[in-house]
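Below you'll find the structure, written out as structure tokens, and then a few comments.
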Amino acid sequence: MKKLIYSPDYKEKLIKLRKNLDMDFGRETRLKVFATINHHIQLLKTQNYLGISVREMYGVDCDAYYIYSAHNYIFYEVTDDSILILDIYHEREDHIIKFLGRNAHRTLQERAEEFGGNLNITGELEWDKPAGNEIW
């Protein structure tokens, strides 16, 4: 079983999250949210690759994974002997852009390179005859 290591950024955001939850929703809600987050992070000790690969999902050169827990995205990396909890972002934040520090989406030119630089407008597709409510 791997040990968990928490980054300073993650710890700092948890302190802010705790204050915000206490102020906006009360102690009881905060305890439930933190229990849920802690439960999912503890699962990573034995199920290291439980999360989604940032590399596979967004096509960027990054070894991080992320899980979704209690309206938050939690980013982590797996090493030989530990799980490094990198950061946490609320679901309303642009978590990928903030985590990577840039836009993770490819430009039109980058996409065109996948097809040898040829992007063509496709013509109309041949559909069957209209039926039912499709006829105006």
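Every number in this text was worked out from the coordinates using simple rules, so none of it is lab data. Quantities reported herein were computed from a predicted structural model and do not represent experimental measurements. Here the Cβ is made from the backbone with ideal geometry for all residues, glycine too, and neighbour counts use every protein chain on show.
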Hits in the stretch 31-69: amide N under 18 Å from the 7 Å Cα→Cβ extension of Asn20, namely 31-38, 67-69
Of the residues Ala112, Tyr65, Ile37, the Cα lying farthest along the dipole of the stretch 3-114 towards its positive end, which is defined by charges on the beta carbon of Lys, Arg, Asp and Glu, belongs to Ile37
Classified through the alpha carbon gyration tensor (a ≥ b ≥ c as square roots of its eigenvalues; rounded if a/c is under 1.5, else prolate when a/b is larger than b/c, else oblate), the stretch 3-114 comes out oblate
So the FRET efficiency between Lys11 and Met57, C-beta based with R0 = 30 Å and rounded to 0.05, is 0.70
Each label sits 7 Å from Cα toward the beta-carbon; between Lys45 and Asp128 the label points are separated, in nm, by 5.6
